Amino acid sequence: MSWEKLYASRMSQIAPSDIRERMKLLGDRRLIQLGVGLPDPAVVPYPQIAQAAADIFADPDLARASMQYGPSEGYEPLRAWLVDYMGTLGVPCEPENIMLVGGSQQGFDFIGKLLISPGDPVMVEAPSFIGALRAFDGYEPAYRLLPPDASAWDVATVGPAKFCYASPEFRNPTGTCLTLDERHRLVDLATTAGMLLVEDGCYEKLRYDGETLPSLQSLDVARSGGIENSRVLYTNTFSKTISPSLRVGWVAGPSELIRKLVLIKQGGDLVSSTLNQMIALRVAANYLTESVEAGRRLYRARRDTMLAALTAHMPADVTFTRPDGGLYVWLELPPSIDGDEFAIRALEKHGVSTISGTSFYPVEPRRNTLRLSFSLASDAEIEEGVRILAALVGEMRDARHAGR
Ligand SMILES: Cc1ncc(COP(=O)(O)O)c(C=O)c1O
């Protein structure tokens, strides 16, 4: 049976994610995982999660609440905790400025539903987080790419858009950040273009070196006199600091936009798991600092191992980023090498999982690019994996030159 003609037009834009496909291979112990950016189980706070659940079930009132529907906006004590958290990021706000979502991925879907009609211009960095692109794809946007050079960030050059999705901190996939000047310029562009900014703060806590910079939202709140006048919708998550399985993330922004997003959540899943939000609150309130510190220690060391291995083994015509945080390094391979072909060959012939860079562009992919993650593999695996990839670069480049 062919179902093609029954599908909605939006399905033509929805393609499988390379990352989700790679995750299916996670059980395979023979692979060296330099593909997906999953938190290492060593830094998931299992005892604190277990204790939080035990405390909830030991108290009859909390236990009843935990097994019940809750408000679509989210578990009130967690919203209140997030008000304080956002304050530490330079964003004074109230509970009505915050809604809980089932991971920031759900936030992107709801934001797409709120803002994108088919054909609407939506601006994204290139490359951008594939999950956000997949969420927006379903609403059939016409993508515009934010030029890499901030001197071109004016409406005359980039045109108007409904919003611009940006990750100022250790973006997935490149690991790079926006400079302070670029943050100011992006807020300027949003103001003159009359568009919203959708700021992804996913890796905000995973900084290993350098100075913390203000978020786009905090800059805009300071300029506009408060969150109600700000044009930034900020998303963040406990996925990288506690556990992705809780599926607890949040969106912060002007209360009018939050109210609309809550209506969308009521048509989506009504409410995020009350139990998971209660657990997230307890672990965040009692243990977030330690949990983040454990992550930083582990990932900083792995980042150093990966950069040392890349420096030692990669041929001179491969360039790579040197991230101060996050979980990823971005490679530019020699121009003759296609990232898709490279990633398939690395996986199938050499047992090294990577993600082709082409997946991270909504249009006009740079084909000779590759994302590596250092979150999950041991130091020895990173060293071995990078050595194998470096040899593969040489092999594929030489084959191209020889016309094979
Ligand atoms: C940049 C970025 N934003 C958001 C997410 C999704 O996070 P969540 O688990 O909260 O949906 C990820 C997950 O890898 C990510 O890399």
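The values are calculated or read from the model by the stated rules, or taken from the named source; none is laboratory data. Note that the coordinates shown come from a computational prediction; the quantities given were computed from them, not determined experimentally. Ideal geometry is used to build each Cβ from the backbone, glycine not excepted, and the neighbour counts take in all protein chains shown. Please note that ligands, DNA and RNA were not included when accessible areas were found on the heavy atoms of the full protein model with its side chains. Shrake-Rupley method; radii C 1.70, N 1.55, O 1.52, S 1.80 Å.
With a cut-off of 20 Å on the backbone N, the residues of the stretch 240-277 near the modelled label site 7 Å out from residue 285 along Cα-Cβ are 241-243, 246-251, 272-277. For the chain, the number of Lys pairs with C-alpha atoms closer than 22 Å, counting only pairs eight or more positions apart or on separate chains, is 8. Per-residue packing, averaged as other Cβ atoms within 10 Å, sorts the ranges 282-291, 83-92, 50-59 into the order 282-291, 83-92, 50-59, beginning with the highest.
Pairwise Cα distances in the stretch 280-404 exceed 24 Å in 33 percent of cases.
Stokes-Einstein diffusion for the stretch 305-379 at 37 °C, viscosity 0.692 mPa s, with a Kirkwood radius from C-alpha pairs, works out to 255 µm²/s.
Once divided by 2.2 N^0.38 Å, the Cα radius of gyration of the stretch 351-404 becomes 1.33.
Extending 7 Å from the Cα toward the beta-carbon at both residue 380 and residue 223 defines two label points whose distance is 5.2 nm.
Counting heavy atoms of the protein chains alone, residue 401 has an accessible area of about 140 Å² for a 1.4 Å probe. Computed on the stretch 251-393, with alpha-carbon pairs under 8 angstrom and 6+ residues apart, the relative contact order is 24 percent.
Of the accessible area of the chain, computed with a 1.4 Å probe over protein heavy atoms only, carbon and sulfur atoms account for 54 percent.
Among 381-389, 260-268, sorting by the average number of other beta carbon atoms lying within 10 angstrom of each residue, highest first, gives 381-389, 260-268. Modelled spin labels at residue 391 and residue 336, positioned 7 Å past Cα toward Cβ, are 2.0 nm from each other. Can you work out the FRET efficiency for the pair residue 399 and residue 188, with r the C-beta to C-beta distance and R0 = 35 Å, to the nearest 0.05? Plugging the Cβ-Cβ distance into 1/(1 + (r/R0)^6) gives 0.15.
Zone of residue 151 (label point 7 Å along Cα→Cβ, backbone N under 17 Å): which residues in the stretch 161-193? In the stretch 161-193, the label zone of residue 151 (backbone N under 17 Å from the point 7 Å along Cα→Cβ) covers 179, 181-183, 185-186.
Relative contact order for the chain: 23 percent, from Cα pairs under 8 Å spaced at least 6 residues apart, divided by residue count. When the alpha carbon gyration tensor of the stretch 1-147 is reduced to an equivalent ellipsoid, its three semi-axes come out at 33, 24, 19 angstrom, largest first. Placing +1 on each Lys and Arg Cβ and -1 on each Asp and Glu Cβ, with no other charges, gives the chain a dipole about its Cα centre of roughly 720 debye. Pairwise Cα distances in the stretch 240-342 exceed 20 Å in 63 percent of cases. Using just its DSSP H runs of length 4 or more, each adding -39500 (n - 2.57), the chain gives a mean residue ellipticity at 222 nm of -14000 deg cm²/dmol after division by all residues.
Computed from the C-alpha gyration tensor, the three semi-axes of the ellipsoid equivalent to the chain are 34, 26, 21 Å, from longest to shortest.
Accessible area of residue 364 (1.4 Å probe, protein heavy atoms only, ligands and nucleic acids ignored): about 140 Å².
Computed with a 1.4 Å probe over protein heavy atoms only, the accessible surface of the stretch 190-294 comes to 36 Å² per residue.
Spin-label model, residue 293/residue 55: points 7 Å from Cα along the beta carbon direction are separated by 1.8 nm. Here the Karplus curve 6.51 cos²θ - 1.76 cosθ + 1.60, taken at θ = phi - 60°, turns the phi angles of the stretch 141-153 into couplings of x, 9, 6, 10, 9, 5, x, x, 8, 4, 5, 9, 7 Hz, with x standing for Gly and Pro. Set Lys and Arg Cβ to +1 and Asp and Glu Cβ to -1, take the dipole of the stretch 296-374 about its Cα centre, and tell me which of 360, 329, 305 lies farthest positive. Towards the positive end, the residue furthest out is 305. For the chain, DSSP calls about 55 percent of its internal beta bridges antiparallel. Shown are 257, 333, whose ranking by accessible area with a 1.4 Å probe and every protein chain present, most to least, is 257, 333. When Rg and Dmax are taken over the Cα atoms of the stretch 116-171, they come to 11.2, 31 Å.
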